[in-house]
Each structure stands twice: as structure tokens, then as C-alpha cells.
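The values are calculated or read from the model by the stated rules, or taken from the named source; none is laboratory data. Remember, it's a predicted structure, so these values are computed and weren't measured experimentally. Virtual Cβ from ideal backbone geometry, glycine too; neighbours counted across all protein chains shown.
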Amino acid sequence: MLPGMARKPRIAIVGPGHLGTCLAMALHRAGFVIAAIVGRANGKSGQRARKLAKQVRAEACASFEADVVWFCVPDAEIPRAALDFARRLSWEKKVALHSSGALTSDSLQVLRRQGADVASVHPLMTFVQGSRASFAGVPFAIEGDAPAVRAAKKITRNLGGNAYSIRKQDKAAYHAWGTFASPLFTALLATTEDVAGLAGVKGNRAKRRMLPILRQTLLNYAALGAAAGFSGPIIRGDIETVRKHLRVLRSAPAAREVYLALARAALRYLPAKNNSLLKTVLGREA
């Protein structure tokens, strides 16, 4: 089937976690036949696989007929899962994909040797329990064997995503970029809540009161870019205010370290008055 892609391929999803669930539902809505949802036979993974399979009209089994097998398991499990499935299926004229942001398509080398075309296909998006992310407009970084890359790009377009090619040697930096964009950004928000506690605002109240400024900051960044969207004491060169911040943050040492790191980054990447003096103040506080 894959040469020419005359019809939408039958797809099996291995790993019914947050990404696998979101992907299976999106593929189903886009008109793809989901051949199987594969989880571990016992435990929560198997339960999730059976539940998801019902939702997308698939089988919850490890023996199936599919044109594309998409591995949505944690990075450390990809080689093991590929080896396991190398023994179960015939891989001639099949495509195998994985969605690790850090690993290359070579993690599926065992399936390549069995005749499969392989690729890594990573959506630059976050997937968490209790939230169903959309793939519309999401960039997908893709690298691998040419037939698998072509198949992945067509699938991605059907999901409303934007596929682009990435070099194998750029995967680690790409994943670090994505980590800054979401998980470490979330860590910054958690740190921000901790600082709100110093001002007597705690828990959900802190989150609710932060949301307007967070939304406007992202809107400013989207419309104007980082430099034009930057505000506050550093761009004004307000050294005394920065000193006051650092004094009060002595009671929150972890947040103080984050403040220092981000303030130094601001001096490196963003406009600031009194740049040299601010560097001196921040250097003394290290």
C-alpha cells in the first residue's frame, strides 16, 4: 500500500499514554483506520489500551495487520519495544514511526533490518492527563528513511499539523528547545507561585491572579517578539528594585537562583539600561 499512498494507511498505536491516546483519537477523527492499540497485557496500560480501542473502533491486541506502526512509548522503551515487535510481525513494506523528540530514527534500526522504513516523528506539543491537545498548526519534526518520511508527512497534514525535516544531529538541541518551551516554563510558573507566597498570595489564588499578565505576556511575545515584549525593572535599568528583589528572595533560595539565572539571561538576550551595573549587581549576588 505505501508506495503511492493510494489510500489512508491502517495505523497501529503502541503505547496508550497521553500522546498515544491523543494521537489515536486525532487519527480516528481524521478518517484513519486504527488497526490496534497496544499496551502491556496487564495493569493500567492494558486497561487504557482496551478503553481507547473501543473509542477508536480498534482491537486491543499485539497481533494485527497495519501499514504503519507508531511507537508512543517512553524513550527508554523504544528499542525494547521495537525488538519485541520485530519478532511478532512481518515488516516488509511497512512503516515504523516513533515520537521521541530526543532520539533519532536509528532507535528503530532492528525493524529497518527486517525490511521496514522507519522515521522519528515528534510533535512540538505538550500532552498531559486531563487535557486533550489539538494537532492543528503543530510543527512535527521528522527524519528517517525517505518512504517513511513521505508517509509521516502525509499523515501529519491530515492531522492539520505542519511537518518539517530535521537532521539527526539536531535532535538533542531540538528537544532541549522544546523542554524550555513547555516543561521548564511550567517549572518557572511553579517557582512564580512560590514567590507569590512571599507576598501572602498562595495556591489557586496566585494562579488566578497571575493569569492576566501571563496571557498578555504571551500575546505580546507572539505579536512583537521577545525584545519588544520585554518589560519591568531590568529593561528600565532599575538597579535598586533588582536589589530589593534579591533581598526578599533570600527567604526563597531556589526561587532566588532562578531569578538570578533569568536576570542574567535577560541582560544577554534582551534590551536593558545600566547593563554593566546590573551585571555587577547580579555577579555579586551569585
(message) Can you find, within region 51-74, the residue that is modelled with the highest pLDDT among those that are loosely packed, with under 15 Cβ neighbours inside 10 Å and farther than 15 Å from His28 by Cα?
(response) Pro74
(request) Go through the residues of region 66-85 one by one and say whether even a single one is over 25 Å from Pro139 (Cβ atoms) and in a loop (DSSP other than H, G, I, E, B). (result) yes
(request) Determine the pairs where a residue that is in the same structural domain as Leu111 (by TED's automatic domain parsing) and exposed (fewer than 14 other Cβ atoms within 10 Å of the Cβ), located within region 75-92, has a partner that is hydroxyl-bearing (Ser, Thr, Tyr) and not in a helix (DSSP H, G or I) with Cβ atoms under 9 Å apart, the partner being 6 or more residues away or on another chain. (result) Arg88/Ser63
(message) Filter region 120-134 down to the residues that are at pLDDT 95 or above and either surrounded by 20 or more Cβ atoms within 10 Å (Cβ to Cβ) or among the small types (Gly, Ala, Ser) (or both) and list them by number.
(response) Ser120, Val121, His122, Pro123
(request) Starting from region 145-165, keep only residues that are in the same structural domain as Ala26 (by TED's automatic domain parsing), then list their pairs with residues that are part of a helix (DSSP H, G or I) and not polar (S, T, N, Q) whose Cβ atoms are within a distance under 6 Å, requiring at least 6 positions of separation or different chains. (result) Leu159/Ala26; Ala163/Lys153
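Does Thr217 satisfy the condition of being assigned to a helix (DSSP H, G or I), farther than 30 Å from Ser100 by Cβ and either at pLDDT below 95 or among the β-branched types (Val, Ile, Thr) (or both)?
Numbers: assigned to a helix (DSSP H, G or I): yes; farther than 30 Å from Ser100 by Cβ: yes; either at pLDDT below 95 or among the β-branched types (Val, Ile, Thr) (or both): yes.
Yes, satisfied.
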(request) Output the number of the condition that Arg264 fails; it satisfies all remaining conditions of (1) loosely packed, with under 14 Cβ neighbours inside 10 Å; (2) at pLDDT 95 or above; (3) basic (Lys, Arg); (4) within 24 Å of Ser182 (Cα to Cα). (result) (1)
(message) Tell me the residue from Thr217, Thr186, Thr191 that is among the polar types (S, T, N, Q) and either under 22 Å from Val281 (Cβ atoms) or in the same structural domain as Tyr164 (by TED's automatic domain parsing) (or both), please.
(response) Thr191
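Check whether at least one residue in region 224-247 is modelled with pLDDT under 95, farther than 27 Å from Val281 by Cβ and surrounded by 11 or more Cβ atoms within 10 Å (Cβ to Cβ), and report yes or no. Before you say what the answer is, go through the steps one by one.
In the first step, residues of region 224-247 are kept if they are modelled with pLDDT under 95; the result is none.
No - not one qualifying residue is present in region 224-247.
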(request) Would you mention how many residues in region 239-264 are of a type in the set (Asp, Glu) and touching a residue at least 24 places away in the same chain (Cβ under 8 Å)? (result) 0
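Step by step: first the residues of region 17-50, then only those that are of a type in the set (A, V, I, L, M, F, W, C) and part of a loop (DSSP other than H, G, I, E, B), then the one that is surrounded by the most Cβ atoms within 10 Å (Cβ to Cβ). Which residue is that?
Phe32
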(request) For region 267-284, enumerate the residues that are farther than 13 Å from Gly237 by Cα and either at pLDDT 95 or above or under 34 Å from the mean Cα position of the chain (by Cα) (or both). (result) Arg268, Tyr269, Gly283
(message) Can you find a residue that is within 15 Å of Thr191 (Cβ to Cβ), in the same structural domain as Val195 (by TED's automatic domain parsing), assigned to a helix (DSSP H, G or I) and of a type outside the set (Gly, Ala, Ser) anywhere in region 266-277?
(response) no
